[in-house]
Amino acid sequence: MSQWINYANTWKYHVLISTIIIVLAFPVIAGAAPLIPIPNINVGVGQANTPQDVALSLQVLLMLTVLSLAPSILVMMTSFTRIVIVLSFLRSALATQNMPPNQIIVGLSLFLTFYTMSPYFAQINQNALQPMLAGTMDQQTAMTEAIKPMREFMFKQTRENDLALFVNMSEMPRPNGPEDVPTSVLIPSFIISELKTAFQIGFLIYIPFIVIDMVVASTLMAMGMMMLPPSMISLPFKVLLFILVDGWHLIVRSLVSSFM
């Protein structure tokens with residue numbers, strides 16, 4: 001027994017000595033032969049000595065501003081608003097709580113947005129982004145060319161009364177054509193038009209599911225089962241109806257077709 005105790009103590013002693021040697025030798029080994037080079041990135045702020053330096057600084061500041069507003073541009077100037085609101089209405093009408101989850105709804109909305117906006121994004125890439133990267137077009141001209149496809153899309157989806165609302169509130173002269181409408185007036189007009197369209201589609205989605213709720217509630221009341229929540233009984237019937245009519249196919253087809 002004493003031999004085993006001595007052996008264990010000796011083994012612990014050797015492990016402790018080996019650990020100390022490795023810890024002490026690691027900085028020397030790491031300093032002698034670094035396996036992974038660590039990059040060194042320096043960002044400095046200095047004084048601008050020439051007008052070109054000032055212009056470059058303003059361009060960098062403008063680019064950072066555009067990047068910070070990119071999520072808002074994606075949400076408010078594309079088909080994302082209508083799609084995500086309609087899908088949220090669908091989940092509320094089904095009364096499935098958090099099923100599908102928010103991540104699924106937002107992800108599906110993003111991919112449908114990329115699908116519906118792909119022709120306009122292709123025009124932006126061809127007419128603005130690639131010429132600017134090739135050096136054949138300056139940034140100001142590229143921005144002007146990039147906004148044209150987006151204005152075309154927003155004009156197709158904007159109602160005249162919504163556009164007239166912001167034109168009248170801005171007290172600008174009556175525009176003779178779409179080219180006379182400023183982008184600052186077109187964007188809010190497009191947003192409220194999208195909200196109205198999304199709520200109209202959401203109302204139509206609610207109707208069949210409300211009918212199921214009313215039928216189930218009336219049946220339970222006639223049977224004297226007033227303490228049983230109607231939503232507990234109607235939920236399986238809602239899901240079954242949605243599956244039988246291939247609801248996701250109908251919803252997605254209707255949403256995509258509404259932008260054509």
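The values are calculated or read from the model by the stated rules, or taken from the named source; none is laboratory data. Treat the numbers as computed from the prediction; the structure is a model and nothing was measured. Note that each Cβ is placed from the backbone with ideal geometry, even for glycine, and that neighbours are counted across all protein chains shown. For accessibility, only protein heavy atoms count, side chains too; no ligands or nucleic acids. Shrake-Rupley method; radii C 1.70, N 1.55, O 1.52, S 1.80 Å.
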Being part of a loop (DSSP other than H, G, I, E, B) and open to solvent by less than 60 Å² (accessible area, probe 1.4 Å) is the filter here, so list the residues in segment 121-140 that pass it.
Met137
Go through Leu240, Leu255 for me and flag whichever is at pLDDT 80 or above and surrounded by fewer than 14 Cβ atoms within 10 Å (Cβ to Cβ).
Leu240
Collect the residues in segment 105-126 that are within 19 Å of Ile201 (Cβ to Cβ) and not hydroxyl-bearing (Ser, Thr, Tyr), keeping them in residue-number order.
Ile105, Val106, Leu108, Leu110, Phe111, Leu112, Met117
When both residues are 6+ apart or on different chains and their Cβ atoms are under 6 Å apart, which pairs have a first residue that lies in segment 217-237 and is free of Cβ contacts under 8 Å to residues at least 60 places away in the same chain, and a second that is assigned to a loop (DSSP other than H, G, I, E, B) and surrounded by 10 or more Cβ atoms within 10 Å (Cβ to Cβ)?
Leu220/Leu228
Is it fair to say Val167 is more than 21 Å from Val86 (Cβ to Cβ) and part of a helix (DSSP H, G or I)?
yes
What number of residues within segment 122-151 are more than 12 Å from Thr183 (Cβ to Cβ) and under 25 Å from the mean Cα position of the chain (by Cα)?
12
Just wondering, is there one or more residues in segment 152-160 that are loosely packed, with under 11 Cβ neighbours inside 10 Å, basic (Lys, Arg) and outside any helix (DSSP H, G or I)?
no
Is there any pair linking a residue in segment 181-205 that is among the polar types (S, T, N, Q) to one that is buried (at least 20 other Cβ atoms within 10 Å of the Cβ) and not in a helix (DSSP H, G or I), with Cβ under 8 Å and at least six apart or on different chains, and which?
Ser189/Thr158; Ser193/Thr158
What number of residues within segment 164-190 satisfy the criterion of being at pLDDT 80 or above and under 18 Å from Met150 (Cα atoms)?
11
Any residue at all in segment 176-192 that's part of a loop (DSSP other than H, G, I, E, B) and either on the phi > 0 side of the Ramachandran plot or open to solvent by 60 Å² or more (accessible area, probe 1.4 Å) (or both)?
yes
When the residues of segment 152-174 are filtered to those that are under 25 Å from Met260 (Cα atoms) and of a type in the set (S, T, N, Q), which remaining residue is nearest to the chain's Cα centre (by Cα)?
Gln157
On the given criteria, is Ile207 open to solvent by less than 60 Å² (accessible area, probe 1.4 Å) and modelled with pLDDT of 85 or more?
no
